[in-house]
1. What is the residue count in segment B:262-289 for residues that are part of a loop (DSSP other than H, G, I, E, B), touching a Leu at 6+ places or on another chain (Cβ under 9 Å) and of a type in the set (S, T, N, Q)?
2. Restricting to segment B:41-50, give me the number of residues that are more than 10 Å from chain A (Cβ to nearest Cβ) and either touching a Gly at 6+ places or on another chain (Cβ under 9 Å) or crowded, with 19+ Cβ neighbours inside 10 Å (or both).
3. Kindly evaluate B:A54 against the criterion of being of a type in the set (G, A, S), within 11 Å of chain A (Cβ to nearest Cβ), in contact with a strand residue (DSSP E or B) (Cβ under 7 Å, 6 or more places away or on another chain) and crowded, with 16+ Cβ neighbours inside 10 Å.
4. Select, from B:V243, B:V230, the only residue that is within 14 Å of chain A (Cβ to nearest Cβ) and free of Cβ contacts under 8 Å to residues at least 40 places away in the same chain.
5. So, B:M299, is that one outside any loop (DSSP other than H, G, I, E, B), buried (at least 24 other Cβ atoms within 10 Å of the Cβ), touching a helix residue (DSSP H, G or I) at 6+ places or on another chain (Cβ under 7 Å) and within 14 Å of chain A (Cβ to nearest Cβ) or not?
6. For residues that are under 20 Å from A:A285 (Cα atoms) and charged (D, E, K, R), scanning just segment A:61-93, find the one that is nearest to the chain's Cα centre (by Cα).
7. Kindly indicate the residue of segment A:67-88 that is part of a helix (DSSP H, G or I) and either within 14 Å of chain B (Cβ to nearest Cβ) or among the polar types (S, T, N, Q) (or both) and also nearest to A:F466 (Cα to Cα) among those meeting that condition.
8. List the number of the failed condition for A:K204; all other conditions in (1) surrounded by 13 or more Cβ atoms within 10 Å (Cβ to Cβ); (2) at positive phi hold.
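The values are calculated or read from the model by the stated rules, or taken from the named source; none is laboratory data. As the structure is a prediction and not an experimental result, all values here were calculated from the model. Here the Cβ positions follow ideal geometry from the backbone for every residue, glycine too, while neighbour counts run over all protein chains shown.
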2 protein chains.
Amino acid sequence: MTAYRELRQRFDRHYLLRSSADQLDWDAQAMMPEGSGDLRGAQLGTLRVLAHEAIAGEDMEELLASAEASPPSDEWERDNLVAMRRSWVHAAAVPADLVEARSRATSSCELAWRTARKNDDFASLLPKLTEVVNLTRQVGQAKGSRMKLSVYDALADEYEPGAREASLQPLFARLERELPPLVDAILAAQARAGEAPELVGPFKVERQAALGRHLAERMGFDFTRGRLDVSVHPFCGGAAEDVRMTTRYDEADFLSSVLGVIHESGHALYEMGLPRAWTRQPVGAVPGMGLHESQSLLMEMQASRTPEFLGYLAGAAAQYLDVSPSMLHLDALSRHALRVERSFIRVEADEATYPLHIIVRFNIERALLSGDLAVKDLPSAFRDAMERIVGVRPETDRDGCLQDVHWPTGAFGYFPSYTIGAIAASQLFAAAVAARPSILSELSRGDFTGLRTYAHDNVHQHGGRFDTNTILERATGRGLDPDALLRHLRRRYLNDTAGS
Amino acid sequence: MTAYRELRQRFDRHYLLRSSADQLDWDAQAMMPEGSGDLRGAQLGTLRVLAHEAIAGEDMEELLASAEASPPSDEWERDNLVAMRRSWVHAAAVPADLVEARSRATSSCELAWRTARKNDDFASLLPKLTEVVNLTRQVGQAKGSRMKLSVYDALADEYEPGAREASLQPLFARLERELPPLVDAILAAQARAGEAPELVGPFKVERQAALGRHLAERMGFDFTRGRLDVSVHPFCGGAAEDVRMTTRYDEADFLSSVLGVIHESGHALYEMGLPRAWTRQPVGAVPGMGLHESQSLLMEMQASRTPEFLGYLAGAAAQYLDVSPSMLHLDALSRHALRVERSFIRVEADEATYPLHIIVRFNIERALLSGDLAVKDLPSAFRDAMERIVGVRPETDRDGCLQDVHWPTGAFGYFPSYTIGAIAASQLFAAAVAARPSILSELSRGDFTGLRTYAHDNVHQHGGRFDTNTILERATGRGLDPDALLRHLRRRYLNDTAGS
């Protein structure tokens, strides 16, 4: 067997073990009875270690070198070999005992975080979070020395290949400069318009579920290769061949579940649109979380908040939720869907203030890793940064540094992906509409065909061959460009079409 | 680390991998979208091979010998070591290439069987089934030579430890002699009583589900450590720490779903009642399928078909299904629940004719393995045996040798477990009622406490320490005794209390 074929087998095995774990993780969040957590934790630990071992053997470096010395002739196979090396570097750069120590520390810290958040008790989290920061720094150092990258870049690269502090910093500096006045202007315009009429529920859960399913189907979600269920924290999991997405329902508020389903369906369409022949190999996987997020935001923020789609949604919602169409008047629905507010909680933030939440985290996580910020000083640093950058000062840590699961689970360097995704979504939607002007009229009929086809042709079908910048360059002629997001916001919220 | 501790770690890992696979198998049957079968098959294959490898390493024999040379002082640990050897013999006696070849052959044969059954087309199955028979024979030979057992005994021992053709043969001979006249007498009595009034539906699925859940709760099923869902073929899966049972619903017939839930809850109570400290070790597992089946039949056939429980069920069903109590009159319900009939399909058979279906299979599977019966002659041999032993001749193979999944999946030697379970259930129920006469009056209130406690004390809490015969001897003073089943049938169906 050639070295490359041997590698393919190992990555195949890696995929089967990882996707098994992902499936059990979906079950834990959507199906598992509350008393079975111990067993599930042990199962997931075993599977994740085996998945890691499948591509971290001592002979991997030799196999990769040997395969690279006589690379396969097929273009996809060659790109697969590149993606293999990338996966291997992230998997194998870290010594096994550090992998294990960090895995134990993050599991324990996540549990402690749940309690700490509930009780608004940062002090109880401090020792465990300190350990996670230390171990994550060590992981960053180990990866960095192998990849010739700084600690932060080495960590961020796992989530978004090619993400580098040096290019993120000017990008975020620009958003930090331009977004606050833009938000002020939006808030002033909102104030002039007065309060939007209430969308008065209750909206029955089973009717919301039927509406969500209808919209997912309209978007092209293939229910023969996926499911939609309920979990506390909505997500899109499973595997490309079996996508499990979840949402949650609030009888008082159908918009959040509906837009949540559209968001997760955006992720799901990406997974379902990956090249089937390559699903189980690195080159067949989504290359990074920024690009993944771009696909959910393309659907949720870009397409579904257009006046065209909101018009369709007003009608569909009235029908599915069995309420009077007058109650779901387009104007009321739009003002709720497009409401902007300086607020505490990132996951509830609108698209205009959201990047400011990310900047807070981008600054703080780098300071934590470098040691410039001591973990014990995180609460006050977080409040100060929120006040300075978002413009509101949280009164509690629950509304502050305890709100997100990322740091307790060691996911330092992940946050920029959200804003990379938002920017990429702005670029892709503008390019899609320019290339296929019928997309907007299609959306007014709840028809996503044109947009989905554009996304498939320009993003999904490439699998993991290109990074975000390359995908954007090929599709739009430009790499990641914060201008696109700013232009989009000015146009949508201020009717300012300058530059577009 | 001592050899015994090393073994414990390996069996722990084996359990975590096996239970992960079982969980994914439950998902495949209860949740998975139809288009994801390829991925799931590959995931299950990988996990089952890894589970096998965890306890089949080349050094296992040495480790076992070394642990046995200085056995642990604790009684449970010592019994665990015995159970480990047993698991290892079944896992490791078969060469890896034979394990893999058989696994591939049975997967492929099971798929072919589904189509063959649907189309009543045995010819299409013949080549694959022939291969499965040949490979299974080789597995039996490999195990048999290690265990000093015949091919059939070596295979049957995997499902029911200690099951031997030499003791099953006289047992089945007795049932084959005594059951047919007993069935004739029951049928004559049934004819004299005339037709039972119909239980006229439709009975709404969600109401049947609520009734099933109510009954499972009354039985003591712990919904914080398990779930009840729907699948085409009802089963009890998952793991002792997270029991996933399923049922199916027919709007025209609520009795089959209700009794199905009670059956699976019997299995589930056994799993949930296993000693928690030992769940992940061999000594903490159910020792064999005969004993497992005894626990489902103890609940479904023994307890739930007593006049006492049927009285409770009539009331609960009227309430949950929202139908007139007069329609669910005890007499009508009883006659449906206790209907006896010579019929084609084993899984639909009543308790009086069921062992006859098993005898058909016990005879034929031995003949297939020995080569006395060629696989191509299976259809006619099956029809002949059905006619001779059950008393009805199937017109089709779908109603004949294609009805069961066991042989296509290589499960030769499994069928006797069903009748071992039925006999054991008769013995255990009689002993339980003798020991705790209040059980019957409790059942008339839908209260399973006494029976569950008896089952827990005499069966569940022992985990895998004793085989079926030992469990029965300790609980009832006798090993497996077909008299108990015959006595039970005469008493229930003919009001004949002689010998009891």
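1. Taking segment B:262-289 and keeping what is part of a loop (DSSP other than H, G, I, E, B), we get B:274-275, B:279-281, B:285-288.
Keeping just the survivors that are touching a Leu at 6+ places or on another chain (Cβ under 9 Å) gives B:279-280, B:285-286.
With of a type in the set (S, T, N, Q) added as a condition, the list becomes B:279.
Going through segment B:262-289 one residue at a time, the tally reaches 1.
2. Summing the residues that are more than 10 Å from chain A (Cβ to nearest Cβ) and either touching a Gly at 6+ places or on another chain (Cβ under 9 Å) or crowded, with 19+ Cβ neighbours inside 10 Å (or both) in segment B:41-50 gives 0.
3. Working: of a type in the set (G, A, S): yes; within 11 Å of chain A (Cβ to nearest Cβ): yes; in contact with a strand residue (DSSP E or B) (Cβ under 7 Å, 6 or more places away or on another chain): no; crowded, with 16+ Cβ neighbours inside 10 Å: yes.
The answer is no for B:A54.
4. Details: B:V230 fails: free of Cβ contacts under 8 Å to residues at least 40 places away in the same chain.
Just one listed residue meets the conditions, B:V243.
5. Spelling it out, it is not the case that B:M299 is outside any loop (DSSP other than H, G, I, E, B), buried (at least 24 other Cβ atoms within 10 Å of the Cβ), touching a helix residue (DSSP H, G or I) at 6+ places or on another chain (Cβ under 7 Å) and within 14 Å of chain A (Cβ to nearest Cβ).
6. Initially, segment A:61-93 is screened for residues under 20 Å from A:A285 (Cα atoms), giving A:64, A:72, A:74-92.
Next cut, charged (D, E, K, R) only: A:74-75, A:77-79, A:85-86.
On the way: A:D74: 32, A:E75: 29, A:E77: 28, A:R78: 28, A:D79: 24, A:R85: 24, A:R86: 20 Å.
Among those residues, the one meeting the criterion is A:R86.
7. Looking at residues that are part of a helix (DSSP H, G or I) and either within 14 Å of chain B (Cβ to nearest Cβ) or among the polar types (S, T, N, Q) (or both), I get A:N80.
8. The failed condition is (2).
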